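> This structure is in structure tokens; I'll ask about it shortly.
The values are calculated or read from the model by the stated rules, or taken from the named source; none is laboratory data. Nothing here was measured: the structure is a model prediction, and the numbers come from that model. For neighbour counting, all protein chains shown are included, and Cβ atoms are generated from backbone atoms with ideal geometry for every residue, glycine included. Surface areas here come from the heavy atoms of the whole protein model, side chains and all, with no ligands, DNA or RNA. Shrake-Rupley method; radii C 1.70, N 1.55, O 1.52, S 1.80 Å.
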Amino acid sequence: MSAGWIQLDKSGGAPQVKRKVDSITDTVQEHLNEIKKGIDNLPENVRNDYKKRKLLQAITVTSFLLSKGPQFSTTIKKLETDLTSEMLLSGAWKSMQFKPYNFDALGQPPESGHLHPLLKVRSEFREIFLEMGFAEMPTNAYVESSFWNFDALFQPQQHPARDAHDTFFISDPAKTTTFPMEYLERVKKVHSEGGYGSQGYRYAWKIEEAQKNLLRTHTTAVSARMLYKLAQQKEFTPQKYFSIDKVFRNETLDATHLAEFHQVEGVIADRGLGLADLITVFDTFFKRLGFDRLQFKPAYNPYTEPSMEIFAFHNGLGKWIEIGNSGVFRPELVLPMGLPADVNVIAWGLSLERPTMIKYGLNNIRDLVGPKVDLQMVQDNPLCRLDK
Ligand code: FB9
């Protein structure tokens, strides 16, 4: 009907199909026969109509015409990958074929050394201290005398920490005999009789105890040496010191504690310092570690009064964690050194291993240090950003 060949006659009741033309031309059949003969000049719309009516299907035939190229050969010619001086001198390079450079190839990762995670964290702490104007203390002597490690810090000779159960004493050389004797006498006096407003510990202080050599139990021994040296200056000048180095304690080993660890210590000497100054310094120092919520708890140290334990809310762990200890050095420590009476020294300490283990998600200290450390971990672990 749409081609105009037939029509419906409804004049006599039931509709009848009637012829409308004498002859018809079946173009579809003509088109398909043409295509069969390989003639394909159908208009796009007609072709798409036939495809839709499944009268046609499109087949794409891709053919390649291969011919010998300029480099045609029946043998695999090894492409040279290096241009050597021999090739240049002999002229052999003229008949050689060279493999083209692949400038998209990734370079070989350069073999290089890798900082241990502890040393990465140490660098971060050192950066924070240096940027806050602190000077690093000389901590290269692991062996210390009991005098500087304990007596100078007003730690009494009968204190349990001075026992062989907690401290590694050295058998050879077993003792130190050179001390600033005038200062030593003042230390002896403040322990045994008191002084500077203190009643002291009132015991018979023995130089033999002070002479015993040990592996330092804290870097505060170095702080004592530095403060004594500062006190020898004619004119007192305020100072900010820091240290990050190994300390040794003869303690029970467990998953997070070895007999040695790195102590991080900050010390500030100035006139009229107190806890408020200490807390203010923490606001800057620990913010650089990514902590902005701090809490403090009264604590006890033999050489500081008042003392505080420091806690911070660790967002990653979602809980409060202890991040260090701190306090104001006692007058019995500071005054025998010869520092002016209005000079106070505030100090704080933390470890390097604890933040490193948290940073790199390690639960056992033996995965961080010791013979069982996986060197691949040392190579693979990322840059250290303490504040992230
Ligand atoms: O480092 C500790 N915790 C810590 C620190 C940083 C941190 O950073 C986050 C990931 C980014 C996370 C945790 N602590 C001190 C607290 C605890 O781990 C504690 O259980 C273990 N302490 C050690 C002592 O162990 C025998 C850490 C070590 C420590 C404690 C006190 C001092 C130094 C090290 C000190 C001091 C001091 C006090 C007054 C004056 C001078 C020094």
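> Please go through segment 332-358 and give me each residue that is open to solvent by less than 70 Å² (accessible area, probe 1.4 Å), part of a helix (DSSP H, G or I) and within 15 Å of the ligand (Cβ to nearest atom), ordered by number.
332, 333, 334, 353, 355, 356, 357, 358, listed by residue number.
> Please tell me if residue 323 is more than 30 Å from residue 184 (Cβ to Cβ) and within 7 Å of the ligand (Cβ to nearest atom).
yes
> Does residue 49 qualify as being open to solvent by less than 100 Å² (accessible area, probe 1.4 Å) and not β-branched (Val, Ile, Thr)?
Yes.
> Another question about this same structure. Which residue out of 57, 108, 97, 71 is open to solvent by 90 Å² or more (accessible area, probe 1.4 Å), of a type outside the set (Gly, Ala, Ser) and within 53 Å of the chain's Cα centre (by Cα)?
Checking each option against the conditions leaves just 108.
> Please count how many residues of segment 86-119 are in a helix (DSSP H, G or I) and closer than 30 Å to residue 352 by Cα.
3
> Something else now. Give the residues of segment 263-314 that are out of contact with any helix residue (DSSP H, G or I) (no Cβ under 8 Å at 6 or more places or on another chain), open to solvent by less than 70 Å² (accessible area, probe 1.4 Å) and of a type in the set (Phe, Trp, Tyr), sorted by residue number.
Across segment 263-314, the qualifying residues are 282, 286, 291, 311, 313.
> Another question, if that's okay. On the basis of being surrounded by fewer than 20 Cβ atoms within 10 Å (Cβ to Cβ), assigned to a strand (DSSP E or B) and either more than 11 Å from the ligand (Cβ to nearest atom) or under 21 Å from the mean Cα position of the chain (by Cα) (or both), does residue 371 make the cut?
So residue 371 does not fit the description; no.
> Of all residues in segment 148-160, how many are open to solvent by 30 Å² or more (accessible area, probe 1.4 Å) and part of a helix (DSSP H, G or I)?
1
> Moving to a separate point now. List every residue pair whose Cβ atoms sit under 7 Å apart, with the two residues 6 or more apart in sequence or on different chains, where the first one lies in segment 318-343 and is among the acidic types (Asp, Glu) and the second, anywhere, is part of a loop (DSSP other than H, G, I, E, B).
332/154; 332/196; 342/272
> While we're here: As an exercise: evaluate residue 125 against (1) crowded, with 18+ Cβ neighbours inside 10 Å; (2) in contact with a Ser or Thr (Cβ under 7 Å, 6 or more places away or on another chain); (3) closer than 30 Å to residue 337 by Cα and give the number of the one condition it does not meet.
Answer for residue 125: the failing condition is (2).
> Can we say residue 261 is free of Cβ contacts under 8 Å to residues at least 24 places away in the same chain and either in a strand (DSSP E or B) or among the acidic types (Asp, Glu) (or both)?
no
> Filter segment 265-318 for residues that are of a type in the set (Lys, Arg) and under 20 Å from residue 124 (Cα atoms) and give the result.
Answer for segment 265-318, where residues must be of a type in the set (Lys, Arg) and under 20 Å from residue 124 (Cα atoms): 287, 288.
> Filter segment 170-187 down to the residues that are among the β-branched types (Val, Ile, Thr) and surrounded by 10 or more Cβ atoms within 10 Å (Cβ to Cβ) and list them by number.
170, 176, 187 - these are the residues of segment 170-187 that are among the β-branched types (Val, Ile, Thr) and surrounded by 10 or more Cβ atoms within 10 Å (Cβ to Cβ).
> I would also like to ask the following. Is it the case, given these coordinates, that residue 283 is free of Cβ contacts under 8 Å to residues at least 12 places away in the same chain, outside any loop (DSSP other than H, G, I, E, B) and at negative phi?
Against the criterion (free of Cβ contacts under 8 Å to residues at least 12 places away in the same chain, outside any loop (DSSP other than H, G, I, E, B) and at negative phi), residue 283 qualifies.
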